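The structure under discussion appears below in the form of structure tokens.
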């Protein structure tokens with residue numbers, strides 16, 4: 001069972017999904033899909049409402065940037081990483097591995 005359809009994931013338009021009680025931000029960059037925790041490690045803000053540039057996502061609230069591939073915080077005010085998840089793609093099915 002997939003979590004989301006690849007066709008519905010538009011590049012630069014992250015989406016929030018819920019899986020096993022976790023809020024996850026899923027973003028497409030080219031033919032790749034990445035998944036990280038949806039809540040910014042600096043403040044209680046949804047990363048899926050942020051802007052994607054390359055492999056970075058910027059939190060809309062205070063501008064902290066995270067690497068979509070690793071969850072590492074790239075710019076202040078965030079210093080702690082967010083969790084990243086493995087993603088598998090099978091045809092049009094995108095599954096976030098928990």
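Every read-out reported here was derived from the displayed coordinates using simple, explicitly stated rules and does not represent laboratory data. Everything numeric here is computed off the predicted structure, so don't read it as measured data. FYI the Cβ positions are ideal-geometry reconstructions off the backbone, even for glycines, and counts take in every protein chain you see.
Of all residues in the range 74-98, those satisfying the criterion of being exposed (fewer than 14 other Cβ atoms within 10 Å of the Cβ), assigned to a loop (DSSP other than H, G, I, E, B) and more than 15 Å from the chain's Cα centre (by Cα) are 76, 79, 80, 91, 92. Mind counting the residues in the range 11-21 that are more than 14 Å from residue 55 (Cβ to Cβ) and either in contact (Cβ under 8 Å) with a residue 40 or more places away in the chain or surrounded by 12 or more Cβ atoms within 10 Å (Cβ to Cβ) (or both)? Of the residues in that region, 6 qualify. When the range 74-87 is filtered for residues that are in contact with a strand residue (DSSP E or B) (Cβ under 6 Å, 6 or more places away or on another chain) and closer than 15 Å to residue 25 by Cα, the ones remaining, listed by number, are 81, 82, 83, 84, 85, 87.
Would it be correct to say that residue 71 is out of contact with any strand residue (DSSP E or B) (no Cβ under 9 Å at 6 or more places or on another chain) and in a loop (DSSP other than H, G, I, E, B)? No. Looking across the range 28-45, the residues that are free of Cβ contacts under 8 Å to residues at least 60 places away in the same chain, assigned to a strand (DSSP E or B) and under 17 Å from residue 74 (Cα atoms) come down to 34, 36, 37, 39.
Just one of (1) over 12 Å from the mean Cα position of the chain (by Cα); (2) under 21 Å from residue 4 (Cα atoms) fails for residue 71. It is (1). Considering only residues that are out of contact with any strand residue (DSSP E or B) (no Cβ under 7 Å at 6 or more places or on another chain) and not in a loop (DSSP other than H, G, I, E, B), which ones fall in the range 46-68? Answer for the range 46-68, where residues must be out of contact with any strand residue (DSSP E or B) (no Cβ under 7 Å at 6 or more places or on another chain) and not in a loop (DSSP other than H, G, I, E, B): 49, 53. Listed conditions (1) part of a strand (DSSP E or B); (2) surrounded by fewer than 14 Cβ atoms within 10 Å (Cβ to Cβ) are all met by residue 24, apart from (2).
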